[in-house]
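Student: Please read through the structure below; I'll follow up with questions.
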Amino acid sequence: MNRAFSPLLYSVFAAILAVASAAHAADDKKTPIKADPAKGEALYTNGDNARNIVACVSCHGAAGNSTITQNPKLSGQHEAYIAKQLLNFRTPDRNNPVMSPMAKALSDEDIHNVAAYLATQAPKPGAAKNKDTIDLGKHIWRGGIAAKNVPACAGCHSPNGAGIPAQYPRLAGQHQDYTVAQLTNFRGGARTNSVQMTSIAERLSDKEIKAVADYIAGLK
């Protein structure tokens with residue numbers, strides 16, 4: 001009797017697997033969120049009192065051009081990168097006492113809308129300030145540090161700091177204080193959402209971090 005029913009049982013089992021596979025494939029092919037920059041601008045500029053979401057502009061400046069050196073400039077940043085960072089702020093990989101609660105209050109749609117808005121904004125240039133370290137910063141950016149196995153920053157972030165969309169962020173003109181803080185966080189383990197950057201930052205001294213951060217600020 002077992003032999004007689006084996007083909008039938010096999011067919012039923014195969015059908016169940018087929019349905020499960022189809023359902024899984026459907027989940028993998030969920031329609032991506034279509035970002036709305038206009039909604040992103042409204043949320044960025046005004047926040048949402050009903051959801052206790054503070055306006056991003058209060059910390060990151062008009063159109064993402066922060067004037068507070070501890071807070072990053074976000075104007076002209078790649079949409080995919082901003083979205084990734086906001087999603088990472090929801091996790092231990094990039095825990096931050098200010099941004100983590102903010103990111104958790106945003107929906108996925110909010111995140112993509114804000115990211116789309118900021119990506120279209122024109123960044124204001126920064127400037128290098130320390131003439132004594134400009135050559136060191138330039139050398140690290142363009143050629144890396146061979147003795148420490150530190151690759152050239154330009155290899156991923158491009159020679160002019162524009163980055164590569166959906167892969168590496170724009171860094172040109174970024175505040176020195178912010179860049180120093182992030183490289184230090186990568187080195188010390190406070191920020192763990194990039195294995196590549198953690199590995200690189202671990203090989204940099206305080207002087208080298210400050211030098212390359214200052215050079216980055218002057219890129220256009």
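Student: Would you mind checking the pairs Lys34/Lys210; Lys39/Lys220; Lys84/Lys220; Lys84/Lys148; Lys148/Lys220 and listing those with alpha carbons more than 31 angstrom apart?
Tutor: Too far apart for the 31 Å limit: Lys34/Lys210.
Student: Based on alpha-carbon centroids, what's the gap between the stretch 57-76 and the stretch 109-162 in Å, whole number please?
Tutor: So the two Cα centres are separated by 16 Å.
Student: Which residues' amide hydrogens lie under 5 Å from the amide hydrogen of Ile53, considering only partners 5 or more residues apart or on another chain, with H built in the peptide plane?
Tutor: Here the answer is Asp48, since their amide H atoms fall under 5 Å of that of Ile53.
Student: What size of dipole, in debye to the nearest 20, comes out for the chain about its Cα centre when the only charges are +1 on Lys and Arg C-beta atoms and -1 on Asp and Glu C-beta atoms?
Tutor: So the magnitude is around 360 debye.
Student: Around Lys210, what is the net charge, scoring Lys/Arg as +1 and Asp/Glu as -1 over all other residues with Cβ under 14 Å from its Cβ?
Tutor: Residues near Lys210 contribute -1 overall.
Student: Lys and Arg at +1, Asp and Glu at -1: add these up for the other residues within a Cβ distance under 13 Å of Asp177 and post the number. Walk me through the numbers before you get to the answer.
Tutor: Values: positive: Lys73, Lys129, Lys210; negative: Asp214.
Spelling it out: positives minus negatives among the neighbours equals +2.
Student: So, one more: Give me the aspartates and glutamates in straight-line cross-link reach of Lys207: C-alpha distance below 20 Å, same-chain residues under 8 apart excluded.
Tutor: Reachable aspartates and glutamates: Asp132, Asp135, Asp177.
Student: How large is ³J(HN,Hα), in whole Hz, for each residue of the stretch 68-73 in order, when computed from phi with the Karplus curve 6.51 cos²θ - 1.76 cosθ + 1.60 and θ = phi - 60°, using x for Gly and Pro?
Tutor: 3J(HN,Hα) across the stretch 68-73, in whole Hz: 9, 5, 7, 9, x, 6.
Student: Here is a further query. What trypsin sites (Lys or Arg not before Pro) in the stretch 33-72 are in a loop by DSSP, with at most 14 other Cβ atoms within 10 Å of the Cβ? The partial results should precede the final answer.
Tutor: Values: sites: Lys34, Lys39, Arg51; in loops: Lys34.
Qualifying residues, ordered by number: Lys34.
Student: With each label point set 7 Å from Cα along the Cα-Cβ vector, what nm distance links Ala62 and Ala50?
Tutor: My value for the distance between the label points is 2.8 nm.
Student: For a quick check: with amide H placed at 1.01 Å from N, whose amide H comes under 5 Å from Val150's, ignoring anything fewer than 5 positions away on the same chain?
Tutor: Ile145
Student: Given labels modelled 7 Å from the Cα in the Cβ direction, how far is it in nm from Cys156 to Ala42?
Tutor: Placing both labels 7 Å along Cα→Cβ, they lie 3.7 nm apart.
Student: When the chain is treated as a GNM, springs tying every alpha-carbon pair under 10 Å, which of Pro125, Pro97, Pro159 comes out with the largest mean-square fluctuation?
Tutor: It is Pro97.
Student: Sticking with this structure for a sec: Got a sec to turn the phi values of the stretch 109-124 into Karplus ³J(HN,Hα) couplings, 6.51 cos²θ - 1.76 cosθ + 1.60 with θ = phi - 60°, whole Hz, x for Gly and Pro?
Tutor: Each residue's phi maps through the Karplus curve to give 5, 4, 4, 5, 5, 5, 4, 5, 5, 5, 4, 8, 8, 7, x, 8 Hz.
Student: Please list, in chain and number order, the residues 5+ apart from Tyr168 or on another chain whose amide H is under 5 Å from its amide H, with Hs placed from the backbone.
Tutor: none
Student: May I pose another question? If you keep only loop residues by DSSP, which trypsin sites (Lys or Arg not before Pro) in the stretch 70-150 have at most 14 other Cβ atoms within 10 Å of their Cβ?
Tutor: Here the sparse-neighbourhood loop sites are Lys129, Lys131.
Student: Sticking with this one: In units of 2.2 N^0.38 Å, what is the alpha-carbon radius of gyration of the stretch 92-220?
Tutor: 1.10
Student: Putting +1 on Lys and Arg Cβ atoms and -1 on Asp and Glu Cβ atoms, find which of Thr133, Gln176, Val195 reaches farthest to the positive end of the dipole of the stretch 105-220.
Tutor: The Cα lying farthest towards the positive end belongs to Thr133.
Student: State the label only: which of (1) 27; (2) 40; (3) 21 corresponds to percent of Cα pairs over 28 Å apart computed from the shown model?
Tutor: Step by step, percent of Cα pairs over 28 Å apart for this structure corresponds to label (2).
Student: So with the 1.4 Å probe, I'd like the accessible area per residue for the stretch 164-220, rounded to whole Å². Don't jump to the answer; show the numbers that get you there.
Tutor: On the way: 2590 Å² over 57 residues.
Ligands and nucleic acids excluded, the result is 45 Å² per residue.
Student: Oh, and also: Give a residue-ordered list of calculated ³J(HN,Hα) values for the stretch 44-50 (Karplus: 6.51 cos²θ - 1.76 cosθ + 1.60, θ = phi - 60°; whole Hz; x for Gly, Pro).
Tutor: 4, 7, 10, x, 8, 4, 4
Student: Below 8 Å between Cα atoms, with a sequence gap of 6+, how large is the relative contact order for the chain in percent?
Tutor: On the way: 342 pairs, mean separation 45.7, N = 220.
For the chain, the relative contact order is 21 percent.
Student: Let me ask something else. Let me cross-check Asp135: its accessible surface, 1.4 Å probe, with only protein heavy atoms counted, in Å² to the nearest 10?
Tutor: The accessible area comes out at roughly 120 Å².
The values are calculated or read from the model by the stated rules, or taken from the named source; none is laboratory data. Treat the numbers as computed from the prediction; the structure is a model and nothing was measured. Cβ sites come from the backbone with ideal geometry, for glycine too, and all protein chains shown count toward neighbours. Quick note on the areas: whole protein, heavy atoms, side chains included, nothing else; ligands and nucleic acids left out. Shrake-Rupley method; radii C 1.70, N 1.55, O 1.52, S 1.80 Å.
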